[in-house]
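Colleague: Starting off with a structure, shown below.
The values are calculated or read from the model by the stated rules, or taken from the named source; none is laboratory data. Source: prediction; values computed, not measured. Please note: Cβ atoms are built from the backbone with ideal geometry, for glycine as well, and neighbour counts cover all protein chains shown.
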Amino acid sequence: MVQKTIGIYSDTSSYSPFNEDTLIVEVSNEHIACLVKNVKTNSVTAFEFFKLEIEGGDWDDIFYEIRTNSGLLDKSYEATRIYYNLPENTFIPSYKFTGPNANLFLSLVHGDDAKSSIYHDTVKGDVDFVNAYRIKNNLLETVNRNFLSIQGQHVYTSILNMLAEDETIKKEILMKVQFYHAYFIVTVMRNGKLQLMQRFNYQTPEDVLYHLLNVAEKFELVVPRLQLSGFIDLQSPTYQYLQQHFTDIYMELVELEEPMNQKINNYPLHYFSPFFNLQA
């Protein structure tokens, strides 16, 4: 049910109950990522990635198996932040946002679901909408049983908040693409304004190219900057296709303290950007 594919640890004393460490957990239907950040230095000191092999499995069983194989979840932390990387979300204009309206909008986009709870996040920056999303009740119950001092947020909110703090994008056209194993998230910004944020599933390199070219055409993006991060191999046909059709491509990287940098050098650094840049 669960496969641990990455486990990177620095000195274990750096993530102990006696330090001001925050545990960050990203939960998706396809994976769970765990990392520890030191609050004072904002540096990552450990990271684990678990691939969920059976989608829709029992969350209690999934977290039990992860705890059995984790070197992080058996410790205590100053705080825990849960980021939900879940597909059932919608952006609602602030002036139209109410609890019943959130349920209506989500039902229109994703269908009815009586076994989920609705949450919403406010977004930083010059925006006039909120991010409303659904979480399965059995997932919420499992999270609340497994963690203490929880603060929850949707991954889309974290991405938008990070972009709101980046002054460089306010004068450019940006396509930010975060790759996961079977899907990617596209965020389009034009002069600091959000144009699109959407998840796309893919199976082949051609799928990726089709979706990104279609987005560029629909939004009339002339020579956009293409920022890539996550699980994309720079030697793969996917990346070669993108090089053939986009002229301004760069990788989103992260800054690491030296001990962690030495541990992580077996992997391309951009693999970790979607997780390490989650706000602690």
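Colleague: Name the pairs: first residue in the range 199-225 and on the phi > 0 side of the Ramachandran plot, second residue modelled with pLDDT under 95 and not charged (D, E, K, R), Cβ to Cβ under 8 Å, at least 6 apart or on different chains?
Modeller: Close Cβ pairs satisfying both conditions: VAL223/ILE173; VAL223/THR247.
Colleague: Taking the range 232-256 as the search range and keeping residues that are among the charged types (D, E, K, R) and under 22 Å from the mean Cα position of the chain (by Cα), which one is farthest from ASP166 (Cα to Cα)?
Modeller: ASP233
Colleague: Please state which one of VAL2, VAL44, VAL27 is modelled with pLDDT of 95 or more and surrounded by 14 or more Cβ atoms within 10 Å (Cβ to Cβ).
Modeller: Exactly one residue qualifies, and that residue is VAL27.
Colleague: Can you pull out the residues in the range 224-260 that are charged (D, E, K, R) and in a helix (DSSP H, G or I)?
Modeller: Across the range 224-260, the qualifying residue is only GLU258.
Colleague: Next up: Working only within the range 85-105, note down all residues that are part of a strand (DSSP E or B), among the aliphatic types (A, V, I, L, M) and within 17 Å of the chain's Cα centre (by Cα).
Modeller: Result: no residue meets the conditions.
Colleague: Now a separate question. Pick from GLU206, GLU167, GLU172: which is modelled with pLDDT under 95, out of contact with any strand residue (DSSP E or B) (no Cβ under 9 Å at 6 or more places or on another chain) and farther than 28 Å from ALA102 by Cβ? Quick ask: steps written out before the conclusion?
Modeller: On the way: GLU206 fails: modelled with pLDDT under 95; GLU172 fails: out of contact with any strand residue (DSSP E or B) (no Cβ under 9 Å at 6 or more places or on another chain).
None of the others qualify; the one that does is GLU167.
Colleague: Could you please give the count of residues in the range 114-125 that are in contact with a strand residue (DSSP E or B) (Cβ under 8 Å, 6 or more places away or on another chain), modelled with pLDDT under 95 and of a type in the set (D, E, K, R)?
Modeller: Number satisfying all stated conditions: 1.
Colleague: Another question about this same structure. Of the numbered conditions (1) closer than 29 Å to PHE47 by Cβ; (2) surrounded by fewer than 16 Cβ atoms within 10 Å (Cβ to Cβ); (3) in contact with a Phe, Trp or Tyr (Cβ under 9 Å, 6 or more places away or on another chain); (4) of a type outside the set (Gly, Ala, Ser), ARG199 fails exactly one; give the number of that condition.
Modeller: In the conditions (1) closer than 29 Å to PHE47 by Cβ; (2) surrounded by fewer than 16 Cβ atoms within 10 Å (Cβ to Cβ); (3) in contact with a Phe, Trp or Tyr (Cβ under 9 Å, 6 or more places away or on another chain); (4) of a type outside the set (Gly, Ala, Ser), ARG199 misses (2) alone.
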